[in-house]
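The values are calculated or read from the model by the stated rules, or taken from the named source; none is laboratory data. In this text the structure is predicted, and so the values were computed from the model without any measurement. In this analysis, Cβ positions are derived from the backbone assuming ideal geometry, glycine residues included, and neighbour counts consider all displayed protein chains. These accessible areas exclude ligands, DNA and RNA; they are computed on the full protein's heavy atoms, side chains included. Shrake-Rupley method; radii C 1.70, N 1.55, O 1.52, S 1.80 Å.
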Amino acid sequence: MENIVFESATKLVEKIKKQEITVVELVTAFLNHIEKFNPTINAICDIRKKDEILDEARRKDLEIQQGKNLGLLHGLPLTIKDSFLVKGLKNSNGDPSLRNYLATEDAELVKRLKDAGAIIIGKTNTALFCIDWQSTNFWNGQTNNPYDISRVAGGSSGGSAVAVASGFSPLELGADAGGSIRVPAHFNGICGLRPSENFLSNRGHLKVKNKPQGRRHIITPGPFAKSATDLLLMMEVLGNNTKYELPELSPINLNNSEWKKQSLTIAYSETINDTEVDAEYLELFRNFIGKIKNENHILSIDHPKYDEEKAYLECSKIIGFEIGINNPKVPLLASFMYTFIRLKYRDHLWAKGMALGQRLTNIDYAKAIDYKDDFSEIYNSFLTTYDVWITPVCSFEAYKHQNAGKPFTVNNKKIGYTKAIASFNFTTAFSGHPIVVIPIGKKKNGMPLGIQIHSKKWTDKKLLEIAQYFEKFTNGFEKPVL
C-alpha cells in the first residue's frame, strides 16, 4: 500500500471504480504518507482535519456502492496551490498580509475538480507574493526538493510540483506567468502544462476579498502530474468549458486539436536568447533530440525572432499594472516596487517594467496589450510552420537553496539569477501558446531534468498527445528516495 501514492492518477481512478481499493484506503495511504514525509519536505502548508477528509471518502465509497454516476476523478485526494481559493482553507496568495485568511468559496477550477469527484485535502506552499523560482516565505517556511532537500523546489508553484513528486497528491493545480509551472515541473522530474492563455478560468485565483479580479493576462492556471496521460485526464476536467460555461471563456473543446499520429515537423533550440545551458543538461537534451531524429520526423534548429528586452519589459509592465489594481494607493509605490525587485532579484529591466506598470495610464496599458497582440503573431506564425518547438526549461537542474538574486555559475561562467531562468520562461509565455514540460532523465548527481515543448495556441490536446509520444524516449517519472 505504501507505493500506491506514486501510482498514476489514471490507474488510481480505475482501481477505485473497479473497487480494487476503497477511497478510504487510498485517502488514508496519502494522509499517512504526508504525515511521515511532509515535515522534511514542507510542501503542504494547510490541511483539512483528518476526520472531515475520511468522512468525505466514506461518502465517495457509498456513491460507488449505490451505483451512482462517477466523475473522472472520483475519490482522488488532491492538493492545491496556495493561490487558489479552497473553501475553509487558508489562502495567502503568497502575501504575508493574507496568510491567515480563510477562503469562504472555491475558485472555479477547484469547483470543477470537486464536481469530478476529487477530494481536496490541503494547500501547497508558494513563493513570497508568488514571485520567485523557489518556494519560500517566512510564515510557511522553505519547501525542499524531494530528490535532494538541500535544493530548491522551484516556484512559484513549488509546493504543487513537490506534492506530486513526493507522493502527496497524484495531481495538482498551479499557475504560470514566467515559469511558475514549468520550472518546478523540470526541477522535480514531473510533467506540467501551461495551457493556452484564457483556456482555463482564473476566477478565484490570486483573488483578494472585496477587490476585483486582477492579473487577467499572462498568468495562466495549469495542471501538474507524473505523466502526460494524467495531464490529459486533468485537462478533461479543468478545460471542460462546454459543461461549465463562463461568458469570458470560449467554449473550446479540448478534443478539437487531436494529433493524427502523422509525421511531425519539429523545431528545436539548445538555448533561448543565447543563455548558457549546463553542459550535462545539454548532453541529455541532445540525446533526446537524437532519439527523435531516428523516427520519421523533420527536425530543424530554429526559434522565433524578436527583441527580447522589449518583450520582457512590456510583459512586466502588463503584470505590474494588473497587480497594481489591488495594491494600496500610496505615494511612491512604483518606486518601492522597483527597489524591491531590483534589490531582491538584481534585475533592472524586470524591476523597471513592474514599476512602470504600477503607474501606467489607460492608453499606455492599451498600447502594451497591442504590443502583446503583435508579439503573439510572431509566435503564432512560427508555431504554424512547426508542429512543436522543443527547448530547455532553464539553464540547469534544481539549484542549492540560496538567496534570490544571487548569480549562478554555469559551465564556469557567471550568469545572473533571472537571466538563467527568465530567458527561457518570461517571453516564451507572453504569446499565450501552450507549453508542456516532461522529464527526460537525470544528471549524475541524481537531479531530474526536463524539456519544454511548445505548440500553437489552442492545440493543447495535440501538444499533450505529442508529449505522450515523446515520453517513450525517456524513463518518465522516477520516484525520489524520501
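Structure notes:
- Qualifying residue in region 12-35 (condition: on the phi > 0 side of the Ramachandran plot and either in a helix (DSSP H, G or I) or within 27 Å of the chain's Cα centre (by Cα) (or both)): no
- Contact map, region 458-474: residues that are closer than 12 Å to VAL388 by Cα and touching a residue at least 24 places away in the same chain (Cβ under 8 Å) paired with residues that are in a helix (DSSP H, G or I) and hydroxyl-bearing (Ser, Thr, Tyr), Cβ distance under 6 Å, separation 6+ or inter-chain. Pairs shown: THR459/SER257; LYS462/SER257.
- Scanning region 387-433 for residues that are under 30 Å from GLU258 (Cα atoms) and open to solvent by 20 Å² or more (accessible area, probe 1.4 Å) gives a single hit, ASP387.
- Residue that is nearest to THR275 (Cα to Cα), among those in region 372-421 that are among the aliphatic types (A, V, I, L, M) and touching a strand residue (DSSP E or B) at 6+ places or on another chain (Cβ under 7 Å): ALA420
Yes/no per residue for (1) open to solvent by less than 20 Å² (accessible area, probe 1.4 Å); (2) farther than 30 Å from ARG151 by Cβ; (3) among the charged types (D, E, K, R):
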position: ILE44; (1), (2), (3): yes, no, no
position: ARG58; (1), (2), (3): no, yes, yes
position: LEU62; (1), (2), (3): no, yes, no
position: GLN66; (1), (2), (3): no, yes, no
position: LEU72; (1), (2), (3): no, yes, no
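- Considering ASN287, ASN294, ASN255, the condition of being open to solvent by 60 Å² or more (accessible area, probe 1.4 Å) and within 23 Å of the chain's Cα centre (by Cα) is satisfied by ASN255 alone.
- Options ASN210, ASN198: the member that is open to solvent by 20 Å² or more (accessible area, probe 1.4 Å), assigned to a loop (DSSP other than H, G, I, E, B) and without any contact (Cβ under 8 Å) to a residue 12 or more places away in the chain: ASN210
- Close contacts from region 408-428, counting a first residue that is farther than 21 Å from HIS303 by Cβ and of a type outside the set (Lys, Arg) and a second that is open to solvent by 10 Å² or more (accessible area, probe 1.4 Å) and assigned to a strand (DSSP E or B), with Cβ to Cβ under 6 Å and a gap of 6+ residues or different chains, come to PHE408/ILE415.
- Scope region 113-129; condition out of contact with any Pro (no Cβ under 8 Å at 6 or more places or on another chain) and either closer than 18 Å to HIS186 by Cα or surrounded by fewer than 24 Cβ atoms within 10 Å (Cβ to Cβ) (or both); matching residues: LYS114, ASP115, ALA116, GLY117, THR124, ASN125, THR126, ALA127, PHE129
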